[in-house]
Structure formats: structure tokens, C-alpha cells
Amino acid sequence: MIELAPLEERLALFAEGIAGRYFHVKPTGEFAGRRLVLADDRAALAGDTVYLPEQLDGPDATAYRVLTLQQLCHRAFGTGAFRMEVAVARLPGLGDRDAPTLGHRASDFERFYHQFPRPALASRLFHLCERVRIDTLMVAAYPGIRRHLARWQAHQLERQPLEPAFDLPGVLTALERTTLGEAPAAAVAMDGTGCVEPAAAVLAGVARTPGDVYDAAAAAVSLYQALAPLIDLSVPELVLPMEEEFGDPTSWTQREARLEDWREDLAVLDASLAVEMLDGDEAQAGDTEGLADGELRPEDLSLDALARERDNLARRIDMERSAIRDAIGAGQADARSYRYDEWNYLERRYLPRYCRLYEHRLEPEPDADLAKLEGAIRAHRAGVQKRLEQIKPLGYQRVPRLADGDELDFNAVIQARQDARAGQTPDDRVYSRRERVHRDVCAAFLVDLSASTDDAVDPPPPAAPEDDDPFLWGRAAPAAGDDAPAPVEEERRRIIDVQREAMLVMSAALEQLGDSYGVYGFSGYGHDCVELFVAKEPEERFNRRTLACIAGMKPKRSTRMGPAIRHATRKLVDSGHALRVMLIISDGFPQDCDYGPERGDHEYGLQDTARALQEAQAKGVETFCVTVDRSGQDYLKRMCPEARYLVIEDIEDLPEQLTKVYEALTG
């Protein structure tokens, strides 16, 4: 058996290279839809994810590549573009059949299948024809996949020997084998119904001229007619359950594509409604003579009907979007996903590829008060800049043993004279030169975005007025007739606000220092949904967009630190810098809904985080944990290496304390 887990990232890169956009690759067991249940041995494309079997009985790992490419080709070659209106126009007599009313939100595939007395059989026949069409087009577009497809199909044929066909299920099995490369003559020889030969001829026609999805639908109609003698309408349909039960999301994928058409229709209606309202305003000042009290002009009736149509379509879109999300799961189109091990200290072993981390790009906060944020930078800049200047290199160092330079290198001159006297060829690199020094440092700042960062910062106690000394005068009271000034309610200041300001101050200072650095937030909920939010990558310059992205850091959900640390370690190692530093800024201990066997036991999370920090240290990454949790001493000393953590008593000191930590790590 071939395991999917070690191949996921390579298959995701393969899919991105083929499709030109990123697709997540996940095992079918992680399918998040509630209306569909994918069989463990099936492959499917749902939204932004390619689902593949967690284990595959295949000839080699290239079988996964075949399954991935097949799913991408369904998207590329227009399976989801099927529209019933076009099918009726292209397939004579299709719309004449009496079909049940399925409602506006039924997929076009469902409407097509219900044109037949046996909808489930029609569904299976269409998928048979569509698979032949897709495989033919796939091999034509990507010739390199031909031998891998042939090997995979031959392996499937070996798993199930050819048996005689005496009924409809037997004929369907024989047709399945012909689509896998079985010689039609062999299937016909084992046929006891007389239906295999004409049906196989239909499939062979699809392979010769694959056409588009409507040609596959036409072939499905022909197949249904060829198998008509075997269809007994008096017997309940047991050939194949419908999509909702069988777990094929093709119909939902088609509904997702149709949703885009509805959105375009809504945009057209919005534009038409705006024009009609403008015309109505101009006509309102016109002559209303001849209209009874309360009577509406024909133009008003038209406008009212247009508004109702627009509202109905908007409601239909909202309902359809919710139904699709419920069926195939919420999408993560703007993210990339990665798998990481987790340390189970109870069993003293790693859980391989147990956590899935989604990397999101933070978008600039549109409502951010950039002037206020810049003011926060200016407020701390003097102290931070002064301290960082102490670790800034002098700018130049003398490089010895050069072929030319501004001074003689006396050590090299002496060595050359000794070599000459010894009869050896002397080295002519006897000069030295002053050259500029570059700090080869890359830092990653990991900011905790758990829900608790929404808590308010403890305000400082109000200062007593100078003349309000109860030991000298007694407590001062307002003079008679004076109105006491109303207290000014200050804006609520949260932990996340201070964390953001600290990142802004450090970013501005490090930009002056010239060090590379990245700013990331992390949160998530559950081992399969750890989230890392990128505000700035090391190769990017700090600008107003970066400012707005850091301002977009907001409290999220839980704090699963282990995967976030491992992902940041990976980024730092890949950066290639000589000195790699990671600073984790948090407001509490690591915790998540399934971070250990018992939710209230935090030891599991502490041990996994400690192991992640050890892994980073082993890979040459210097780590440091900073917490604003005043009780953090208890767990940090068990989680972090000695002298590699800091508990900040006053959260407002965070920018200055981060500067001291950074100086100690990189100075």
C-alpha cells in the first residue's frame, strides 16, 4: 500500500504547476462536507481541495499523480460547465421527457439525470462516458502521463478478473473494464445479454472524438438506450445510489460554478436597478395628471418588479452558498497548507504529519488609523533606536590577504618572504583592504493571536491631585457651585493593541538596522486547522502596506504553538542566513481543543511546544519566548531552555523589552 501523507506537498506542487493556482491535497478522510460522504478509496475535487485515498493499492506512487491529474482535468476540460439549457438545445428530444420538478437550486446534472426513468443509472453512465472523455483529453494534453495511466489501469484490471455478464450489473462491470483498457472483444466474448458490444462501441466513439461535456452527455443517452432491454422498471433501482449518498461532489461542483453565473446576473440586475431608479427620479418631477390617489405609474411597477427579482436572486445566492459550504466544506482558497509532526509525550513518540497548518496572507486593514500607528512608532523610536544602534556594526572591517588593497598585510608579507627563502612559490596576496560589514541575520516574530488577546490591558491607577492629601487637608471637595469635571472615558486598550505596536516599533527599527525579519501571527482550532498569518516576509520591505497588514492582526481562536514554531523554523532554515532568530510573543500557555487527551490538561501542549523549540535549536535557530502572562514563570521554565524566556510584568514595556531580547540574541 502506498501512503498519501509523505506525497502531499509534492502533489500540491504538481497540481499548482498544472492548474496555475494552488490546490490543497488531503486524504478523503478529512472531507469536511456534511451532506456528502466520500468513500475512502475515491478521488474527488471539491472547491479548492483535491481529495485522494489515504492509502492506495497501486503499482507505485505515480498512481497518485494520475488521480490528481484526472481531477484537475475535470476542471480544465469543462465538466462543471454543464448547463441543462445547452444540453436541451444540443440533444434532440431531451427536454421532451416528463421530469419531476426539482426546484431552482437543483444542479443541472440532477436535472439531466432525472430526464431518465432510472436517474441513478443515468448518473453512472454519464460518469463512465465523462471518464473516457477526460482520460483521452488528459493524455493528449499531457503525453507524459500516458505510461503512468496505463500502468494504473492495468493494475486495476488485475484486481478484478473478467466474469460473464448476464444482467445489468454484469454489463456495467464489463463496460468499466473496457474503459480501463480491456479489449472490447474479450468483454463481448463473455457477454450473455447482447448489450455489451453496442455499448462498448459508444464508449469507443467517445475515445475517438472526446469533444466537450455535452458530447459525453449525448453518449450517456446512447448508452442508456443500448442498455434499455436490461432495465426492468418494475424492480427498484439498485444499480447506484444518487450523488448525495454515493459521495460524488460533481453535482455540487457544478452548482458552485453556476453560482458564479448567478453572481454575474445579480451584478447586471443591480446596474439595471440603478439606471431605473435614476430615470424614475427624473420622471418624478414630470406630469402626474390623470393618476388616481395612490396609483403607481407603469414605470414604478416595472421598478418594483425589478427590485423583487433582484432580492429573490440575492436570497437564492445566499442559500446556495450556504448549501455548497455545507456539502463540500468551507474553502481555504487564499491559503497554502502544510503538514507537521506532533510530539506525544505520553507515548514518547511523534504523531507523523498529525497537524495541518494553513498559511494565510494578511490583507491590509482598510479602516486602520495609520497616523495613530505611526505615532506609536515615534513614541518608542528614540529608546529602541538608541539600543539597537549599540549592536549595529561599525560599518567596515579590514580584510587580509588580498591581491590589491590600501595597505600592506604584514603577516602576509612575512609569510611570502619565508616561502621565498624556503624555495617555495610565495603567495602574492599581500595587501589588506577595509570592506563594509553586513549583518547576516534573519528573525521571525511569532505573535499569539488567540482569543484572549482581546482582553483589556490593566489600566494604571489614576494619579491623586497635588492638593488632595488626606493627611494634611482632608479629602478635597469641589467648591460650592463648581461642577465636577466629567471623567473622560479612554479608549479600551487590549493586549493585541500592544502586541501590534511592539511589532510596528521593531519593524521600523530593524529596517534601519538592515536585518531581515518576518512578522507572523498564529492561531487556529484543532490539529487539522492551525493557522499562520503572514504580515511580512523577510525579503519584503517595510512600507505603509506592511503597516496596514500588521494593523490587520486580530484576536482569533486557540493557541497551538508547536506547528507554528515548526513552520517558522522551516522558513528560517530556508532563508539561508547565518544567524537565525525566532521570538514568540504570547499572553498565555499553549492550549487548543484537542491539544492532548484531556482538554483541561495543559501538559501535553507544553511538552509539544518544548519539543518544537528543541527541534528549532537543533537546526541552528535561536529561540526566545516572551509572555505578558504574569503567571508565565511556572510553565515557561518547563517549556523553554534556560535563560530563553521572559515574563513582562507591565505589558506597556513590551517594545523596549523585545529590543533588549533582540540585542542579546543578535548582538
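Quick note: the coordinates plus some simple rules give every number you see, no bench work behind them. What you are looking at is a predicted structure, and each value in this text was computed from that prediction instead of being measured. Virtual Cβ from ideal backbone geometry, glycine too; neighbours counted across all protein chains shown.
A few points about this structure:
- Once the C-beta distance of Asp455 and Ala371 is scaled by a Förster radius of 22 Å, the resulting FRET efficiency is 0.25 to the nearest 0.05.
- Rounded if a/c under 1.5, otherwise prolate or oblate - the stretch 396-436, Cα gyration tensor axes: prolate
- For GluC sites (Glu not before Pro), the sites in the stretch 555-650 that DSSP calls loop and that have at most 13 other Cβ atoms within 10 Å are Glu598, Glu642, Glu649.
- When the square roots of the Cα gyration tensor eigenvalues are ordered a ≥ b ≥ c, the ratio a/c for the stretch 115-178 is 1.5 or more and a/b does not exceed b/c, which makes its shape oblate.
- In the stretch 1-76, the DSSP beta bridges split such that about 55 percent are antiparallel, to the nearest 5.
- The peptide list 197-203, 503-509, put in order of mean Cβ contacts within 10 Å with the highest first, becomes 503-509, 197-203.
- Extension gain, Arg321 back to Asp653 (0.36 nm per residue minus Cα-Cα distance, nm): 114.9 nm
- Placing pseudo-labels 7 Å out from each Cα toward the beta carbon at Ala314 and Leu346 gives an inter-label distance of 5.1 nm.
- Going from the fewest other Cβ atoms within 10 Å to the most, the residues Val534, Val628, Val441 appear in the order Val534, Val441, Val628.
- Extension gain, Tyr142 to Glu158: 0.36 nm times the residue separation minus the Cα-Cα distance gives 3.2 nm.
- Gly58 long-range amide H proximity, modeled H, under 5 Å: Ile2
- Most to least packed among 359-372, 572-585, 122-135, 67-80 [average Cβ atoms within 10 Å]: 122-135, 67-80, 572-585, 359-372
- If R0 equals 56 Å, the separation of the Cβ atoms of Asp574 and Arg208 corresponds to a calculated FRET efficiency of about 0.70.
- Whether the stretch 1-76 is rounded, prolate or oblate, judged on the alpha carbon gyration tensor where a/c under 1.5 counts as rounded: oblate
- Compared with the direct C-alpha span, the chain from Glu260 to Ala150 gains 36.0 nm at full extension, assuming 0.36 nm per residue.
- Paramagnetic reach from Glu30 (point 7 Å along Cα→Cβ, amide N under 19 Å) across the stretch 504-540: 522-534
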